[in-house]
Amino acid sequence: MPLKHLRIIAGPKAKAHIQANGLKAADIAAIPGAAGGPKGLILQGLDHFLFNHWLTNDTLAERVKNGLPALQLIGASIGAWRMAAAASSNPSNALNELANQYCEAQRYPKGVDRDSITETCMRMVENLTAPHLSSMGKPTNKNLVVWVNKGLQPLHKPHPHPTRPPLARKRGFAAAVVANSIGRNTLAHYFERHVLATQPDELGWLTKPFDRIPLQMHALNEGNLQASLLASGSIPFVLNPVQTIPAAQPDQPALEGPFWDGGLTDYHLALPYHRINGLVLYPHFSNTVTPGWLDKFLKTRKANPDWMSNVVLLCPSAEFVNSLPGRKIPDRSDFKRYGENHDLRIQHWREAIQRSNALAEEFENWLRAPEF
């Protein structure tokens, strides 16, 4: 049956595997979750199917029993929040809470300041994680991987004024934008990746450099999960940076920031997935994978095709998007578009979430007889 709502785009290695063997839950080694704010809401239907019905604990336990690494759940910004919900022992409950928090909690008044938005997002993270902190911090047969960025000179300057970023920091980000237009590797002068994982020893595919932007790996557990998730979603000049992320162990030093949104360097997590043994299933709100947040303004800068050879991308079709309220996927511009008419924005966001079940239904049917 032809797909109407869902597009499935597979790299050559993934396509060959599926044509020969079909696609089984045990084939999936990793799932990325992109940054993108409210855009992640359109993946709720797929997330519920994947983590509540298809990638069951029994299936994941079989992977580990066969000597394969735990399922890697890799996220930046809202993608990290989605993957944290998926890592919990009750993904259905956690994903519903994420949708509720994201829709309902963000009723910002006109002229809201950065401190208020930061406080709201902090409460959202706390409400999302509190009932599941233990299982998110030590997930069963899953490896939660949270992506954040540390600002280097001059992006580490403290805020001398409670509502106005220092001029040096504004200039620093402006310089980063110009440098990135020259080449992504120039971001090594402005950012340092910090990757926090519940099983960092199973991320060998990330230990060999794949570009010049530095990457440091750290342990993640319930003691530093909330700070890490907040940092991963801290958009510059919208939220305050997270200054300190506690260490996973009390005898280790805390990580000192400032820490910003993980999507700044890795917006859609265009990573060297070809190094992973297995397939990468990527539920995404776009049919393209853009490396960094600043690269979305550079239409020719996309993911390395060789890195995506074992990736199966699931994304909404143009027909599906056109059927949504406003003929678009929810995004951050909705806060300005709807202004203080929060009820209408929430109504439209919830309608989009409900409609996203159609993506899951088509994927479930496709799994029975996958074809391209």
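The values are calculated or read from the model by the stated rules, or taken from the named source; none is laboratory data. Bear in mind that the values here come from a model prediction, so they are computed numbers and not experimental data. Here Cβ is always computed from backbone atoms with ideal geometry, including for glycine, and neighbour counts include all displayed protein chains. Ligands, DNA and RNA are stripped out before the accessible areas are found, and what is left, the full protein with its side chains, is counted by its heavy atoms. Shrake-Rupley method; radii C 1.70, N 1.55, O 1.52, S 1.80 Å.
Bridge orientation summary for region 233-329: considering DSSP beta bridges with both residues in this region, about 40 percent are antiparallel. Simple point charges give the picture: +1 on the Cβ of Lys and Arg, -1 on the Cβ of Asp and Glu, and for region 1-143 a dipole about the Cα centre of about 520 debye.
To the nearest 20 debye, what charge dipole does the chain have about its Cα centre, counting +1 at the Cβ of each Lys and Arg and -1 at the Cβ of each Asp and Glu? Don't skip to the answer; put the middle values down first.
Numbers: 39 positive and 31 negative charges, 241 e Å.
Roughly 1160 debye for the chain.
Give the shape of the chain as rounded, prolate or oblate, defined through the alpha-carbon gyration tensor: a ≥ b ≥ c are the square roots of its eigenvalues, a/c under 1.5 means rounded, and otherwise the shape is prolate if a/b is larger than b/c and oblate if not. It comes out rounded by the Cα gyration axes. In units of the compact-protein estimate 2.2 N^0.38 Å, region 14-71 shows a Cα radius of gyration of 1.29. Looking at region 256-345, the pairs of alpha carbons with a distance over 17 Å make up 63% of the total. Summary value for region 1-71: 38 percent relative contact order, contacts being C-alpha pairs under 8 angstrom separated by 6+ residues. The residues packed around L41, meaning those with a beta-carbon under 11 Å from its beta-carbon, carry a net charge of 0 if Lys and Arg are +1 and Asp and Glu are -1.
For the chain, the mean residue ellipticity at 222 nm estimated from helices alone is -10500 deg cm²/dmol, where every DSSP H run of n ≥ 4 contributes -39500 (n - 2.57) and the total is divided by all residues, rounded to the nearest 500.
Each residue of region 263-276 is assigned a 3J(HN,Hα), and the resulting list reads x, 4, 8, 9, 4, 10, 6, 7, 9, x, 5, 4, 7, 7 Hz, derived from the Karplus form 6.51 cos²θ - 1.76 cosθ + 1.60 (θ = phi - 60°), x at Gly and Pro.
In whole percent, and with a 1.4 Å probe on the protein chains, what portion of the accessible area of region 77-200 is carbon and sulfur? On region 77-200, the fraction of accessible area on carbon and sulfur atoms equals 53 percent. For Q72, the residues 5 or more places off, or on other chains, whose built amide H falls under 5 Å of its own are A30, I31, N143. Solvent-accessible surface of region 273-372, taken per residue with a 1.4 Å probe and all protein chains present: 49 Å². Comparing Cα centroids, region 9-84 and region 257-322 end up 14 angstrom apart. Among N221, N66, N277, the largest mean-square fluctuation in a Gaussian network model of the chain, built with springs joining Cα atoms closer than 10 Å, belongs to N66. Computed on region 277-372, with alpha-carbon pairs under 8 angstrom and 6+ residues apart, the relative contact order is 24 percent. Roughly what % antiparallel, to the nearest 5, for the DSSP beta bridges in the chain? The antiparallel proportion sits near 45 percent. Comparing I213, I28, I78 in a Gaussian network model of the chain where C-alpha atoms under 10 Å apart are linked, the largest mean-square fluctuation is found at I213.
As a fraction of the 1.4 Å probe accessible area of region 1-66, surface on carbon and sulfur atoms comes out at 52 percent. Working from Cα pairs under 8 Å separated by at least six residues, relative contact order for region 211-322 is 21 percent.
Surface exposure of region 1-114, expressed per residue as accessible area with a 1.4 Å probe, stands at 38 Å². The H on the amide N of A10, modeled in the peptide plane, is under 5 Å from the matching H of L313, each at least 5 residues off or on a different chain.
For region 303-311, putting each phi into the Karplus relation 6.51 cos²θ - 1.76 cosθ + 1.60 with θ = phi - 60° gives couplings of 4, 5, x, 5, 5, 9, 5, 10, 9 Hz, in residue order, rounded to whole numbers and with x for Gly and Pro. With a Förster radius of 35 Å applied to the C-beta separation of V177 and E62, the computed FRET efficiency comes to 0.15. Ordered from highest to lowest accessible area with the whole protein assembly present and a 1.4 Å probe, K142, K170, K110 read as K110, K170, K142. What residue among G111, G37, G223 shows peak mean-square fluctuation when the chain is described by a Gaussian network model with Cα springs under 10 Å? Of the options given, G111 has the highest mean-square fluctuation.
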